[in-house]
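This report refers to the structure that appears directly beneath it.
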Amino acid sequence: MFTLNCNGRLLAVDKPLVMGIINTTPDSFYSGSRFTDISDILRQAAQMLRDGADMLDIGGQSTRPGSAQVGAAEELQRVLQAIGTVSLHFPEAIISIDTYHASVARQAVEAGACIVNDISGGQDQDMLPTVASLNVPYVCMHIKGMPDTMQQYAEYEDVSKEVLDYFIRKKEQCLQAGIKDIIIDPGFGFAKTAGHNFTLLHNLSVLHMLQCPILVGLSRKSTIYKTLGTDAAGALNGTTVMNTIALLNGAHILRVHDVKEAKEAVNLVSAYTGAVGH
């Protein structure tokens, strides 16, 4: 079992957790996750918490393939009020800030966030020392390049080995910086083809040797909807199937647009694995 110190609140990872996605952006790849009005953000947060979300991940920068970087100032305008208002209305909520800017991470934590989710793996040289000074958990994701360039780097001799080697290095960097709670995210869809994603999912348990919680973000991504011949809006059932595989292969956190369905997958897989164990 893992425990995460979320700014003084201990979050036990004794069963798989669900992280609900709230994007304060106009251009995230799935339109159902976009919320720019504060009342809509509050309603979505309330619904996700009712559905059983263990964390809420709030982000103001789209990271879909080819997305343009809006910059830290614009990102802060999009996320600070959202985080502060959600934190005020739902003080029990564990809020994660989805950013790759150290300055945004710092101000977001000051506003009420207590986890930093960085898709860049610390490409901002100030990120790791900033997270260490904030003393909050850090989600470190595997990526090559950035969202606007990453798909040109989707080449590997052995994707599972290269991702594992990346995290061995990154974990050491995080520890040296003083970060105590490290969560690893293989980065499904980030500088990876559908084939890479399926291979990584199949070999997910290899990452257990890092002795860190594993976060999986597969929700409604193109690997699912292109394989099924649909679109992001039609990819909920496929997402549940992929999340179920991830749970069976040892995922600790599911990052999703649809909390209720993810919690049902967690409960059913937990019942199944418990029954198998007896």
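Readers should treat all values here as calculations from the given coordinates under stated rules, not as data from a laboratory. Just so it is clear, the structure is predicted and the values come from calculations on it, not from any experiment. As a convention, Cβ positions derive from the backbone with ideal geometry for all residues, glycine included, and neighbour counts pool all protein chains shown.
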Taking 0.36 nm per residue of separation between Ala275 and Gln176 and subtracting their Cα-Cα distance, the length gained on full extension comes to 31.5 nm
Name the residues whose placed amide hydrogens come within less than 5 Å of the amide hydrogen of Leu17, ignoring near sequence neighbours (fewer than 5 apart) on the same chain.
Ile253, Leu254
Label point distance in nm, Glu157-Asp37, each placed 7 Å from Cα along Cα→Cβ:
5.5 nm
Hey, in the chain, which Cys have no second cysteine's beta-carbon closer than 4.7 Å?
Cys140, Cys174, Cys212
Quick one: order Ile38, Ile253 by neighbouring beta-carbon count within 10 Å, fewest to most.
Ile38, Ile253
For the pairs Lys161/Lys226; Lys180/Lys260; Lys170/Lys226; Lys144/Lys171; Lys144/Lys260; Lys161/Lys221, flag any whose C-alpha to C-alpha distance is greater than 28 Å.
Lys180/Lys260; Lys170/Lys226; Lys144/Lys260
Karplus 3J(HN,Hα) series, Hz, for region 123-131 with 6.51 cos²θ - 1.76 cosθ + 1.60 (x for Gly, Pro):
5, 6, 4, 8, 5, 4, x, 5, 4
Need one number: % antiparallel among DSSP beta bridges in the chain, to the nearest 5.
15 percent
How would Thr227, Thr99 line up from fewest to most surrounding beta-carbon atoms within 10 angstrom?
Thr227, Thr99
Relative pair counts by distance (%), Cα atoms of the chain, 10 Å bins:
7, 31, 40, 20, 2, 0
Give me the distance between the Cα centres of region 234-278 and region 218-232, rounded to whole Å.
17 Å
Mean Cα-pair separation over length for the chain, i.e. relative contact order, pairs under 8 Å, 6 or more apart, %
19 percent
Can you sort Cys6, Cys174 so the residue with the fewest Cβ neighbours within 10 Å comes first?
Cys6, Cys174
